[in-house]
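Let me begin by presenting the structure, written as structure tokens, before commenting on it.
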Amino acid sequence: MKKTILLILFFLSIGAFAQQQTVSYSISPTTFEESTAITITVNGSSINEATWGVTGNALYLWAWAFDLDDTTQKGTPLNGSWTASDEASKFTYNPGPDTYTKTITPTAYYNTTSIGKIGFLIKAKDGTGDKKSQDILAEVGSFQVTLTSPSQNSSTIITSGASLNITATNTAGNASYNLKSNGASINTNPATANYSYNHTNITSNQNYELEVTQGSTTLVKKFTVIVNPGAVSGTMLSGLLDGINYNTTDATKATLVLDAPLKDFIYVAGSFNNWQPTNAYSMTKDPTSGKFWLELTGLTSGVNYTYQYWVGETTPIANSPALVKTADPYSTLVLSPYDDGGIPTASYPNMPVYPVGQEREVTVLQTGQAPYAWSTATTNFVKPEKEKLVVYELLVRDFDAGRNYQSIIDRIDYFKNLKINAIELLPVMEFEGNESWGYNTSFHMALDKFYGSSSKLKEMIDVCHQNGIAVILDVALNHAFGRNPMVRMWMNDPEGDGWGSPTVESPYFNTEAKHSYNVGEDFNHQLPGTQNYVKRVIKQWIQEYKIDGFRWDLTKGFTQNCPSSVAGGQDNCTNAYQQDRVDVLKMYADYSWSLDPTHYIIFEHLGGNTEEQQWANYKIAENPSKGIMMWGKMTDNYNELSMGYPGNISGMTSSSRGFTANRLMGYAESHDEERLMYKNLQYGNSANPAHNVKTLDIALSRMSAIGAVSLLVPGPKMIWHFGELGWDTSIFSCNNGTVNTPSDAISGDCKLDTKPQPQWTNNWLANNSRNKIYTDWAKMISLKTTEPVFIGTATINNSSSLSQTIKITNTALASTQLKDVLVLANFDVTSSAVSTGFPYTGTWYNLMDNSTINVTNTSAPISVEAGGFRIYGNKVANLAIANYEGETGIFLYPNPASNYFTLNTDTTKVQIFSMAGKLVKSFDASHSKDTPFVISDLSKGLYIVKALNENNEIQVMKFMKK
């Protein structure tokens, strides 16, 4: 499968990949100019439409084009998207002969000129799951050249002193041939249509270019010869690691190490040898470890060098290439000919340039790099306790229109004011393409450049630490995608295009996925090579980037016990307890903790809690307490409540899962699930016209209650970005504005499409209904992260109900402290009396506003409005109040403030004074609680706010304008 053209193939659904079909086709006329109308005819009998889910004979052309002597794509063909082909690219079905035809004129269809070669394939409208044919290439022009021996773009391995026979033919009469090797002409023939030359006594690597000229047109055919240098054995210095080893005392040197079992020789080709390696760049093989190594010398400090490995095998197995040119699997920065052109300069200024004339990814090497100057906030950072974590999950691409790390830095007040204490980034390791969620990882140690540079990510992490926010990375170490060097070095490549799937010789990957949730190529985590690689990945991000934790994606895939042929079915096996999976993931956890004893480890397992208990309870008695946090999906349960239907949320507690400590990272929303608000508006309870959940403001008004019954439950919790603003855009929203679902066979699944930015463009923080969710959740999170009661235990009724009562207690606290909390919520569409069960009578405090109630009957129900909630505590939340201005019942939030502040009470007048007592701004009309007061026009500094309520009571507060 040619990744040079299918840049969007990372948009793949969970599941096994189908094998691409080889179709029978013809192009008429067989030779054509770029302005000639051509007809592509596909033999319908060579396509099994059913395997692609095609109905109504709806097949489409997916096209690309190249220059005469370049492999860079050009033009803008009428393709549409991979999940939804444009109707202009649809084939016409001819039932009589059972053929598909498509007539195009290359210049018009590809919207470009000077086309040297066109490429295309046939696909279903939604190509997800490899529902496509093989790649098809055709040269443009009546003058064409065929390199008969060796093959075009081939690499032939020979012994030193051997010969190479070169033959070619051309159309349209005689042409002039000029054969160049390593840039110098070695043979010419001014007039022939059948070229032949035997290059003898070849002792060094040769890069050939056969230039064939007819009239004003010159075509170039390229190929190479690699001389097998023979076995070169030499002892490698101790302490060297796979990948780049920089010399700490001499910036002119660096040593490369590559572990390549079963390979016979390796050259290093790079900008330091003009991509023409001599024997001096043949790697030495260590007799003990079997690893290849090479010390580079003469390097200049601070210069960006690029390189690849040329990995050779003299007797490869069938369909496996003899030579693979690949970047370093342990790269920390790679350049890509496919993706780099789409990276904005604003996101990555001064990005290294991909070397002209090379193919596929190259590794960047730079000696003399100055280490990042971390602030003491990072070097002395104390991670929030696991029990108090409130994680904000975000996709950099969709968080802000800037789509980069600087956008996160610029919005730091947004996170700080929300009071979250951790940010979790969807994968940022080098992934295929740019518009991605990042799970199609190809280089796990390299930072993808689309969001910014290494220094910018470090700055973002540092800024987060300065604001008390931990940074967690989502890592996809269950699999790798086709550009990964460890896939390509041991690949099955019957098409000979340099891409393929792992062979039986692979020291890293399975040839068949051993679980039922596979995407990409499945790592075998029982192999020592894989385990070493995973540990290096862990070490890179912890030590180089000061990452505080990992969320491990798809941990069900870390087993070897569930091939497709397993008795009882692969899915049943994958979801059952697997001891090898438990053991290997504990080993990875132990390694992480050996580097950082407080490192967060989160598994996305979503199983039946048997394996989860093994991990959640693992080493919790140690100091510091360990235990792996488990992702706890509760989306469906909470969505039932938000829509106005009975729901059971008892599974939100760690104890309900059999965890000894609070290690369940429960959530109502995540990147994988449909938005609660979207379903509220689509399917909400509309039985009461006065409280119709399908109405936007009504639906939004219910989301504060969702926060109350989720965020406050003891144990780590998570928010998916903009749930705190009631984001109601479906996760299946497409780039063209439509909404699809996975079951939409025609338009496909747009789940991974880039999403709009209404939260900023429409200033949602100034919208009362949305701001209330943000403000309420911020207060709840402040309670969660500061009050010790919320590291206690919770009791939730194990039954479906519209009324929810949650009892939270911490028996370790004294009765003079806030030690008991009662959360009540009514998710009905009418007011309802909610059961209470106060632990004792007396004065209780509403922790959202510190108003009081006198409890004389502990079991007396309390009336709660539709979609409303109450949070009662036995004492005032003094610690949480310290996070807000003042210690009275009226709070100003956020503080410091940038563009607005809110007050948690109704007001008739709000005045703002300078510290010198001068009135600088006044809001004279009545405003309801949580109304945003805009202050963007004020200068930075400290101000005094005087608020009056309807009883003419006055509250005076200070706030800082940032």
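The values are calculated or read from the model by the stated rules, or taken from the named source; none is laboratory data. Computed from a predicted structure; not experimentally measured. Counting neighbours? That spans all protein chains shown, and the Cβs are built from the backbone with ideal geometry, glycine included.
Return the residues of the range 70-128 that are basic (Lys, Arg) and either under 29 Å from residue 336 (Cα atoms) or outside the structural domain of residue 45 (by the TED database) (or both); say none if nothing qualifies.
74, 117, 123, 125
Have a look at 488, 483 and point out the one that is closer than 30 Å to residue 346 by Cβ and buried (at least 20 other Cβ atoms within 10 Å of the Cβ).
None of the other options fit; the residue is 483.
Only one residue in 493, 448, 462 is in contact (Cβ under 8 Å) with a residue 12 or more places away in the chain and under 22 Å from residue 753 (Cα atoms), so which one is that?
448
Considering only residues that are farther than 21 Å from residue 403 by Cα and at pLDDT below 95, look in the range 338-359 and name the one that is surrounded by the most Cβ atoms within 10 Å (Cβ to Cβ).
358
How do the pairs read when you match residues in the range 225-250 that are of a type in the set (D, E, K, R) with residues anywhere that are in a strand (DSSP E or B) and at pLDDT 95 or above, using Cβ under 9 Å and keeping only pairs 6 or more apart or on different chains?
Final answer for the pair search is 242/257; 242/258.
Among the listed residues 203, 218, identify the single one that is touching an Asp or Glu at 6+ places or on another chain (Cβ under 8 Å), within 29 Å of residue 169 (Cα to Cα) and hydroxyl-bearing (Ser, Thr, Tyr).
Exactly one of 203, 218 is touching an Asp or Glu at 6+ places or on another chain (Cβ under 8 Å), within 29 Å of residue 169 (Cα to Cα) and hydroxyl-bearing (Ser, Thr, Tyr), namely 218.
Looking at 213, 314, 249, 306, which one is polar (S, T, N, Q), modelled with pLDDT of 95 or more, at negative phi and not in a strand (DSSP E or B)?
That would be 249, the only listed residue that is polar (S, T, N, Q), modelled with pLDDT of 95 or more, at negative phi and not in a strand (DSSP E or B).
Residue by residue, here is whether (1) of a type in the set (Phe, Trp, Tyr); (2) over 15 Å from the mean Cα position of the chain (by Cα); (3) surrounded by fewer than 24 Cβ atoms within 10 Å (Cβ to Cβ) holds:
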{"residue": "398", "(1), (2), (3)": "no, no, yes"}
{"residue": "403", "(1), (2), (3)": "no, no, yes"}
{"residue": "409", "(1), (2), (3)": "no, yes, yes"}
{"residue": "414", "(1), (2), (3)": "yes, yes, yes"}
{"residue": "422", "(1), (2), (3)": "no, yes, no"}
{"residue": "425", "(1), (2), (3)": "no, no, no"}
{"residue": "432", "(1), (2), (3)": "no, no, no"}
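I'd like to know if the range 196-209 contains one or more residues that are in contact with a strand residue (DSSP E or B) (Cβ under 8 Å, 6 or more places away or on another chain), touching a residue at least 60 places away in the same chain (Cβ under 8 Å), in a strand (DSSP E or B) and surrounded by 14 or more Cβ atoms within 10 Å (Cβ to Cβ).
yes
Yes or no: the range 580-598 includes at least one residue that is in a loop (DSSP other than H, G, I, E, B), out of contact with any Gly (no Cβ under 6 Å at 6 or more places or on another chain), farther than 19 Å from residue 470 by Cβ and of a type outside the set (Lys, Arg).
No, the range 580-598 has no match at all.
Find all pairs meeting these conditions: Cβ atoms under 7 angstrom apart; at least six residues apart or on different chains; first residue within the range 357-381 and in contact (Cβ under 8 Å) with a residue 24 or more places away in the chain and closer than 30 Å to residue 208 by Cβ; second residue among the acidic types (Asp, Glu) and part of a loop (DSSP other than H, G, I, E, B).
363/328
Output the residues belonging to the range 223-237 that are assigned to a strand (DSSP E or B) and under 19 Å from residue 273 (Cα atoms).
Selection gives 223, 224, 225, 226, 227, 228.
Which residue pairs have Cβ atoms closer than 9 Å, lie 6 or more positions apart in sequence or on different chains, and pair a first residue in the range 622-633 that is on the phi < 0 side of the Ramachandran plot and buried (at least 24 other Cβ atoms within 10 Å of the Cβ) with a second residue that is in a strand (DSSP E or B) and polar (S, T, N, Q)?
none
Please indicate, with yes or no, whether at least one residue in the range 255-276 is loosely packed, with under 13 Cβ neighbours inside 10 Å, assigned to a strand (DSSP E or B), in contact with a Ser or Thr (Cβ under 9 Å, 6 or more places away or on another chain) and not assigned by the TED database to the domain that holds residue 508.
The answer is no; no qualifying residue exists.
Being assigned to a strand (DSSP E or B) and either out of contact with any Ser or Thr (no Cβ under 9 Å at 6 or more places or on another chain) or at pLDDT below 95 (or both) is the requirement here; does residue 804 meet it?
Numbers: assigned to a strand (DSSP E or B): yes; either out of contact with any Ser or Thr (no Cβ under 9 Å at 6 or more places or on another chain) or at pLDDT below 95 (or both): yes.
Yes; evaluated as a whole, the condition is true for this residue.
Quick check: anything in the range 149-160 touching a residue at least 40 places away in the same chain (Cβ under 8 Å), under 30 Å from residue 749 (Cβ atoms) and surrounded by fewer than 17 Cβ atoms within 10 Å (Cβ to Cβ)?
No, there is no match, as no residue in the range 149-160 is touching a residue at least 40 places away in the same chain (Cβ under 8 Å), under 30 Å from residue 749 (Cβ atoms) and surrounded by fewer than 17 Cβ atoms within 10 Å (Cβ to Cβ).
Select from the range 688-735 the residues that are among the polar types (S, T, N, Q) and out of contact with any strand residue (DSSP E or B) (no Cβ under 8 Å at 6 or more places or on another chain) and list them in ascending order.
688, 692, 695, 701, 729 - these are the residues of the range 688-735 that are among the polar types (S, T, N, Q) and out of contact with any strand residue (DSSP E or B) (no Cβ under 8 Å at 6 or more places or on another chain).
Can you name the number of the only condition in (1) within 25 Å of residue 797 (Cα to Cα); (2) crowded, with 24+ Cβ neighbours inside 10 Å that residue 646 fails?
The single condition residue 646 does not satisfy is (2).
In the range 557-579, what residues are part of a loop (DSSP other than H, G, I, E, B) and touching a His at 6+ places or on another chain (Cβ under 8 Å)?
558, 559, 560, 562
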